[in-house]
Amino acid sequence: MKKFLSALLCGLLVILCVAPAAASDYYATATNGTIVVDGQIDEAWATAEAFTANALKDGTEEGITTEWKAMWDNDNLYILAVVTGDKDHFTSSQQSWGDGIELYFDILNSDAGDYATDDAIIQFGWHKDDLAFTAFKGTEQGIVNSDGTYEIVCVENDNGYIYEFSFNAVKFCKNFTMKEGAVVGFEIQVNSKNAEGDGRTSAYGWADPDNAAWQYPYLMGDLELVAAPVVETVVEEATAPQTFDMGVIAAVAAVVSAAGYVISKKR
């Protein structure tokens, strides 16, 4: 019995040692498709699954909520973020400390403990005089590789913002191929500032509640590239209009008339 238990324990230890690491607790999908980055929500976005970035990472709770979606094509990752509840628009001296958005990418999903050339943080800060108030964070080579790879548009409304973004991941990381089933490390962060000054009031995220993904890429969630949904169309069979042959009608009428005559005669 002791030998059996020892063997069983050894077997369990072997299984634990060789078992793969668990997938990220945060999983989202990007749907195949192409959109125009103009701050308008194209119909194509309706095919993408919606997620939220509502976990408070820093500061105080302000009741701000964000719904985001992702799409992809042969070159680009697209992100749409609809921020609700942020009615004021304040600028800070750096992009991550005012109203704005940050997007984190680990393109090869290497889950590294430090930033490498396939990792990037793109920060967009609200700036009343310059809507292109962006900054790229990462390695020196990563910053070089990022040149000309991204575009972001911000549209204000009465209750917040709409952010639309594209990132040419293939140009940024030449070892990466956009294809169905590929998984990219990803985090989205929404910053808020509700008064003049230099510090932000709050920051909300999706996959990094401890606010440490800016140091450790492995804290990002998993964003899987998936196929566009198949839209089934129901084709109704055309029903031919009913037509009546006047000759047939006349013949039927004659038979009915004769039958009636015979019946009355028998009576």
Subject >> Whole-Hz ³J(HN,Hα) from phi, Karplus 6.51 cos²θ - 1.76 cosθ + 1.60, for the range 207-220, glycine and proline x >> reply: 10, 10, x, 8, 6, 10, 5, 5, 9, 10, x, 5, 7, 6
Subject >> Per residue solvent-accessible surface (Å²) - the range 25-86, probe of 1.4 Å >> reply: 45
Subject >> D158-D75 FRET efficiency (beta carbon distance; Förster radius 35 Å; 0.05 resolution) >> reply: 0.50
Subject >> Relative contact order [Cα under 8 Å, 6+ residues apart], the range 174-224, whole percent >> reply: 42
**OP:** Express in nm, to one decimal, how much length is gained between K171 and A55 on full extension, taking 0.36 nm for each residue of separation and deducting their alpha carbon distance.
**Re:** 38.6 nm
**OP:** Between E232 and Y27, with labels modelled 7 Å along Cα→Cβ, what's the label distance in nm to one decimal, could you check?
**Re:** 2.4
Original post:
Looking at the range 132-202, which GluC sites (Glu not before Pro) are DSSP coil and have at most 15 other C-beta atoms within 10 Å of their C-beta?
Top reply: E180, E196
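The values are calculated or read from the model by the stated rules, or taken from the named source; none is laboratory data. Values in this document were obtained by computation on a predicted structure and should not be read as measured data. A quick note on method: Cβ atoms are made from the backbone with ideal geometry, for glycine too, and the neighbour counts reach across all protein chains shown. Calculation scope for accessible area: heavy atoms of the full protein, side chains included, ligands and nucleic acids excluded. Shrake-Rupley method; radii C 1.70, N 1.55, O 1.52, S 1.80 Å.
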